[in-house]
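Below is one structure, written out as structure tokens, with a few remarks after it.
The values are calculated or read from the model by the stated rules, or taken from the named source; none is laboratory data. Keep in mind that this is a model prediction, so the values were computed, not measured. Please note: Cβ atoms are built from the backbone with ideal geometry, for glycine as well, and neighbour counts cover all protein chains shown. Ligands, DNA and RNA are stripped out before the accessible areas are found, and what is left, the full protein with its side chains, is counted by its heavy atoms. Shrake-Rupley method; radii C 1.70, N 1.55, O 1.52, S 1.80 Å.
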Amino acid sequence: MDNKSFREQAHLLVDWMADYMGEVENFTVKSKVQPGAIYQSLPELAPSEGEEMSAIMQDFNNIIMPGITHWQSPNFFAYFPANSSYPSVLAEMLTATLGTQCMIWETSPAAAELEERMMNWLKAMTGIPAGWHGVIQDTASAATLASILSARERFTDYAGNQDGPAALTGLRVYCSSETHSSIEKAVKIAGLGRANLVKVGVDEHFRMDLPALRRAIECDLVAGHKPFCIVASLGTTGCTAIDPIAAIAELACQYNIWLHVDAAYAGTALVLPEYRYMIEGIELADSFVFNPHKWMFTNFDCSAYFVKDKEALIHTFEILPEYLKTGTRGQVNDYRDWGVPLGRRFRALKLWFVIRSFGIEGIRKKVREHIRLADWFRNEIIADDRFELMAQVTLNLVCFRLHPKGIDDIKDLNRLNELLLSKLNATGKVYLTHTKLNNAYTLRMVIAQTYVQERHVIAAWELIRTMAEDISG
Ligand code: PLP
């Protein structure tokens, strides 16, 4: 392909993109393809000769598109979203065009300095302490791994890196039973052993039970273990429960334990002054992560990780081969030292485009609207006596189930709600997912897609009610 045909194809693609984004709400939200169908449609071997872009696009439309689940549909209410937005997509086009690899400052000074500035903007926008340091990671999982590794290294005076497993005996990490699975994964990768992750119980609102945490730490100390890290959740995956950060932070300080706050999804709500209470006490914590790629309208991947002790982070990860030595070291941020990968995409650009295009007020307006719509949906659930709420609604996730009169056995209710969910998703008109809360099969309605409007939520509720009628007879 030469520059002239690239230009032609790019114009065609932009039209495709704008058409798609304009019509995405009409697509079947959750792909209906059977396992293996796409794989079988693809040739066994790569073509030996180059093909025309028109042929590639034809196959893209015919083979790939049917296997796409439409995360950007306003009828997508599943998981937590992986949002994008018009300005974010535009920035991603530039990022792909520049094709920069931003491992160190010298490999693209603008990328490093824009990243530093964006992280400082996000601190001011969300109330993260001004003295902390931010870096973009690919995911919250990677940020949490960075946090646990930094905590491990600081606690062992960097002997973990030097001596390996011998230095890690007895180290303990604490989280709640509702904490995201990425914490367990990080504990395994960090060489600590799953048995050294202590999952404490939760209260009636699925928040970490503080007295249980205190007891676990104190018992472990008596038994000769070494508590070194707590991971608190600001917005659990199941039902966006908010752990009591301030009280946990005080406990962490008392025992000199690193506190990491996982706000992967809910952190975006901190742009609203009325939700800042959620991070009261954050100045006593050590690190914090939230994903603009979930609820801040920025394409995946973009996870904002903030740390109080930058040196602990850098000292944990830095390794300096000859070919990466530069004359600017120490004057600038070489982000390769701030996480696992050496190579890094230019992720700050899309944040810059999103924040400037929406403005802080524009972001606040959307986030508030999502919370308002969730409140509307919550009230509908309460008003309909066939349904019940399964957890407090803290933001814009409503956990609910169908509970018709006369059916009270948990197994029957679980089966009924599983059926309801599969029938809803089979319509192709909405996509919701589930969790289990106290063993009860629970439907999750997450109202957070960038371009979701009231009419989408009303239509989803109509569909849920009709389907409930059909299956409960
Ligand atoms: N933490 C919480 C609370 C989450 O809900 C999720 C994913 O939904 C994660 C961490 C992991 O996020 P990521 O996919 O960015 O690793």
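No other residue among L168, L270 is modelled with pLDDT of 95 or more, crowded, with 23+ Cβ neighbours inside 10 Å and more than 12 Å from the ligand (Cβ to nearest atom) apart from L270.
Return the residues of segment 293-318 that are hydrophobic (A, V, I, L, M, F, W, C) and assigned to a loop (DSSP other than H, G, I, E, B); say none if nothing qualifies.
As a first pass, look at segment 293-318 and keep what is hydrophobic (A, V, I, L, M, F, W, C): 295-297, 300, 302, 304, 306-307, 312-314, 317.
Once the filter is applied, which keeps residues that are hydrophobic (A, V, I, L, M, F, W, C) and assigned to a loop (DSSP other than H, G, I, E, B), segment 293-318 yields M296, F297, F300, C302.
Of the residues in segment 231-240, at least one is in contact (Cβ under 8 Å) with a residue 12 or more places away in the chain, within 16 Å of K123 (Cβ to Cβ) and within 16 Å of the ligand (Cβ to nearest atom). Evaluation of K226 against the conditions (1) in contact (Cβ under 8 Å) with a residue 60 or more places away in the chain; (2) within 15 Å of the ligand (Cβ to nearest atom) shows that the sole unmet condition is (2).
Among the listed residues S177, S181, which satisfies the condition of being in the same structural domain as C253 (by TED's automatic domain parsing), within 16 Å of the ligand (Cβ to nearest atom), open to solvent by 20 Å² or more (accessible area, probe 1.4 Å) and farther than 22 Å from L251 by Cα? So that I can check it myself, show each step before the final result.
Working: S177 fails: farther than 22 Å from L251 by Cα.
Within the list S177, S181, the selection yields S181.
If the condition is being surrounded by 14 or more Cβ atoms within 10 Å (Cβ to Cβ) and in contact (Cβ under 8 Å) with a residue 24 or more places away in the chain, then segment 316-335 contributes T316, F317, L324, T326, V332, N333, D334, Y335.
Taking segment 139-158 on its own, how many of its residues are assigned to a helix (DSSP H, G or I) and within 15 Å of the ligand (Cβ to nearest atom)? Walk me through it before giving the result.
So in segment 139-158, the residues assigned to a helix (DSSP H, G or I) come out as 140-155.
Keeping just the survivors that are within 15 Å of the ligand (Cβ to nearest atom) gives 140-148.
Total satisfying the criteria: 9.
Does I360 meet the test of being at pLDDT 95 or above, open to solvent by 50 Å² or more (accessible area, probe 1.4 Å), of a type in the set (A, V, I, L, M, F, W, C) and under 27 Å from E178 (Cβ atoms)? No.
Can you tell me which residue is nearest to the chain's Cα centre (by Cα) among those in segment 122-165 that are free of Cβ contacts under 8 Å to residues at least 12 places away in the same chain and either farther than 20 Å from K350 by Cα or open to solvent by less than 50 Å² (accessible area, probe 1.4 Å) (or both)? Can you show your working first?
Taking segment 122-165 and keeping what is free of Cβ contacts under 8 Å to residues at least 12 places away in the same chain, we get 124, 130, 157, 159, 162-163.
Keeping just the survivors that are either farther than 20 Å from K350 by Cα or open to solvent by less than 50 Å² (accessible area, probe 1.4 Å) (or both) gives 130, 157, 159, 162-163.
Values: A130: 23, D157: 31, A159: 31, Q162: 32, D163: 33 Å.
Ranking the qualifying residues of segment 122-165, first place goes to A130.
Tallying residues that are under 12 Å from F290 (Cβ atoms) and within 14 Å of the ligand (Cβ to nearest atom) within segment 118-138 yields 2.
The single condition among (1) open to solvent by 50 Å² or more (accessible area, probe 1.4 Å); (2) in contact (Cβ under 8 Å) with a residue 12 or more places away in the chain; (3) aliphatic (A, V, I, L, M) that M118 does not satisfy is (1).
Out of curiosity, is L419 out of contact with any strand residue (DSSP E or B) (no Cβ under 6 Å at 6 or more places or on another chain) and either over 23 Å from A459 (Cβ atoms) or open to solvent by 10 Å² or more (accessible area, probe 1.4 Å) (or both)? The answer is yes for L419.
Counting the residues of segment 184-214 that are open to solvent by 40 Å² or more (accessible area, probe 1.4 Å) and among the hydrophobic types (A, V, I, L, M, F, W, C) gives 4. Consider I38 carefully, then state whether it is away from the ligand (no atom under 16 Å from the Cβ), in contact with a helix residue (DSSP H, G or I) (Cβ under 6 Å, 6 or more places away or on another chain) and more than 25 Å from L443 (Cβ to Cβ). Spelling it out, I38 is indeed away from the ligand (no atom under 16 Å from the Cβ), in contact with a helix residue (DSSP H, G or I) (Cβ under 6 Å, 6 or more places away or on another chain) and more than 25 Å from L443 (Cβ to Cβ). Can you give me the number of residues within segment 284-313 that are closer than 21 Å to C175 by Cβ and either open to solvent by 10 Å² or more (accessible area, probe 1.4 Å) or within 13 Å of the ligand (Cβ to nearest atom) (or both)? The number of residues fulfilling the criteria is 12. For segment 70-111, the candidate set comprises residues that are in a helix (DSSP H, G or I) and of a type in the set (F, W, Y); within that set, the residue that is nearest to the chain's Cα centre (by Cα) is Y86.
I'd like to know if segment 259-267 contains one or more residues that are in a loop (DSSP other than H, G, I, E, B), within 15 Å of the ligand (Cβ to nearest atom), in contact (Cβ under 8 Å) with a residue 12 or more places away in the chain and in contact with a His (Cβ under 6 Å, 6 or more places away or on another chain). Before you say what the answer is, go through the steps one by one.
If we filter segment 259-267 for residues that are in a loop (DSSP other than H, G, I, E, B), which is where we start, we get 263-265.
Narrowing further to those that are within 15 Å of the ligand (Cβ to nearest atom): 263-265.
Those left that are additionally in contact (Cβ under 8 Å) with a residue 12 or more places away in the chain: 263-265.
Imposing the further condition that a residue be in contact with a His (Cβ under 6 Å, 6 or more places away or on another chain) reduces the set to none.
No, there is no match, as no residue in segment 259-267 is in a loop (DSSP other than H, G, I, E, B), within 15 Å of the ligand (Cβ to nearest atom), in contact (Cβ under 8 Å) with a residue 12 or more places away in the chain and in contact with a His (Cβ under 6 Å, 6 or more places away or on another chain).
Residues in segment 241-258 that are surrounded by 24 or more Cβ atoms within 10 Å (Cβ to Cβ) and more than 16 Å from the ligand (Cβ to nearest atom): A252, W258.
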